[in-house]
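Data block below; observations after.
What follows is calculated from the coordinates using simple rules that are stated; it is not laboratory data. Computed from a predicted model, the values in this text were never measured in an experiment. All Cβ positions, even for glycine, are placed from backbone atoms using ideal geometry, and neighbour counts span all protein chains on display.
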């Protein structure tokens, strides 16, 4: 029993131990399962950790790369900020400089460390403080700003700067905000200082230049005007308006061509309109301008082309210089030179006057003696009177030359015979040349060819050159060179090969001139003669005369000596009628009055002619001749007497002198023209006109103008042209 219990107990213990083992095994299984879960979790965590480690390493690489990039950006920014050519400043909302670059410090004339953390107003000129305050107020309120501010360095240097500022905020968002929303967020601003001193200086210089130009344009003593490309007047100064006698309102809208004389070809205006000349083109020439009414003035015009205001086209600048006074002065010089030449030629002129007078006297005395001793010989008397008439014509030509030389050449130019001018010049110097044993040769092949100009001027040029040649040949240098050889002067005149010009060459075998003298010999007041022998104006005036004719005058040394070359434009035109001008020409070529005496049937058909001259003998001679060919003639000795006769017995024609006592010819002509009845007026005068303009005015006052000594044939020719005698047609 006891054994069974023991076994039972042992069995129970075994079962309890097995149960315990099972429980422990189950616990172990559970722990093992837990360990397996933990291991899985650990393995998973390890995998996650490895993944995170890789991600961290990648992030670290990215961070390192980003840091390097940021450092490079910061370095680049610092380099750009510090080395920028303009001044940069970061200014706080307290108006202090947080940082500044080197250029800003240079502008402020201080080191960077001395600039930072200093109020910005310390480096601004007091005159610009108010502008800077308004500028910063605007920027700190959230708006960009730009102003011109004057910076002042510590050493007092001043710079004009263009200041531009942008506001900085602490927000990272890019969301746009209104200025009102930004005003509380702005803590600083980035401000640039750009030195514009040179530009301002240039602007001030340009402004000063514009002001100076405007003052020059406005106050210049000579006329100035600007033209648009189509030639319209844009601006005119006071001097131009004063010259033209037109107001600015009247000139507005006019063209440059409107101001030119009608017969002027405005080539410069055409070139401006075509845009042919480049800006900078300048030309100087003379133009006759017309102003208010019949105002005419000769001007020197400087015409230049400059760019238009928009730079796309061109415009004209015209400078006008009134040449009236200068021309008057030149005319006086020329007139003085002519009078000087007239004085120098007095011996030759006296000879040319005394010779015809001597012949006339000898013929008259011889005729009187023959009448006393032999009676009247009609054939011999006719020959004698013809010789006297020829000498009168010769004498008249000399007087006409003296009158022409003594008056001022201010009239119009006209075609004239060059050969006649050469012959007149030869006649005037011939006696002097013969007295000085100088041989004068003339080879004239021009014939009836004409030039355009004034014959007296060409005569003066030729006489002046011939007299200069004479002086050179008779000088000590000339005598030394000639060494016994006959002094010789030759004048040759021929058309050029092209036939368009006339060439006159005056050569002499005297001394040559140096190149320096040859270049200066045409300058005014230049002379190689002593002061009492030459004025230095002769060749200068000669050059001016030839240039006015459109020709050239030059000098050159030749193997023989010195030669002067004249080239004149040739006039090509049909044969012209004889002009109605003062004449005392020889009978050759003049229409003679017929010797037929008109039958006198009373006064009914005979035109009344009034002859007025204080020289009664001359008046009676004219009256007798006119009466013989069919006119009814009355003689008056002064203008007052003539007018009284005309009132009671109206004349159809009046032949009058000008200078008379008790009312002269001018007074009489004024009264005759004022009357209602037309009167044909012929002036016969011995008075020398002071200028060709005065001569033209005399022509305008009369229907015909003759100079004393007048020819009866000329008087009748003009009279018949206006008032035919009884039985004649005009």
- Task: Would you mind getting me the FRET efficiency between residue 76 and residue 117? Use the beta-carbon distance for r and R0 = 30 Å, nearest 0.05.
- Result: 0.75
- Listing 217, 545 from the residue with the fewest other Cβ atoms within 10 Å to the one with the most, what is the order? 217, 545
- Query: For the stretch 30-145, with equal point scatterers placed on the C-alpha atoms only and solvent neglected, what are the log10 I(q)/I(0) values from the Debye formula at q = 0.12, 0.20, 0.21, 0.22 1/Å, to two decimals?
  - Reply: -0.64, -1.08, -1.13, -1.18
- Query: Can you give the extra length, in nm with one decimal, that the chain gains between residue 63 and residue 671 once fully stretched, where that is 0.36 nm per residue apart less the Cα-Cα distance?
  - Reply: 206.7 nm
- Note on the structure: Note on the stretch 414-573: the mean projected area of its alpha-carbon convex hull, in nm², is 9.3
- Message: Using only the Cα atoms of the stretch 203-322, what are the Rg and Dmax in Å?
- Response: 14.1, 46
- Exposure-ranked with fewest Cβ neighbours within 10 Å first, 631, 88, 40 stand as 40, 88, 631
- Could you check the simple spin-label distance between residue 430 and residue 141, using points 7 Å along Cα→Cβ, in nm with one decimal? 10.5
- Query: For residue 483 and residue 285, what does the FRET efficiency come to when R0 = 56 Å and r is the distance between their Cβ atoms, rounded to the nearest 0.05?
  - Reply: 0.70
- Query: Relative to the present Cα-Cα distance, how much length would full extension add between residue 218 and residue 500 at 0.36 nm per residue of separation?
  - Reply: 96.9 nm
- Once you treat every alpha carbon in the stretch 1-81 as an equal point and sum by Debye, what is log10 I(q)/I(0) at q = 0.17, 0.26 Å⁻¹? -0.85, -1.07
- Query: So for 107, 234, fewest C-beta neighbours within 10 Å to most, what's the order?
  - Reply: 234, 107
- Item | Length added when fully stretched, residue 644-residue 516, from 0.36 nm per residue minus Cα-Cα | 39.2 nm
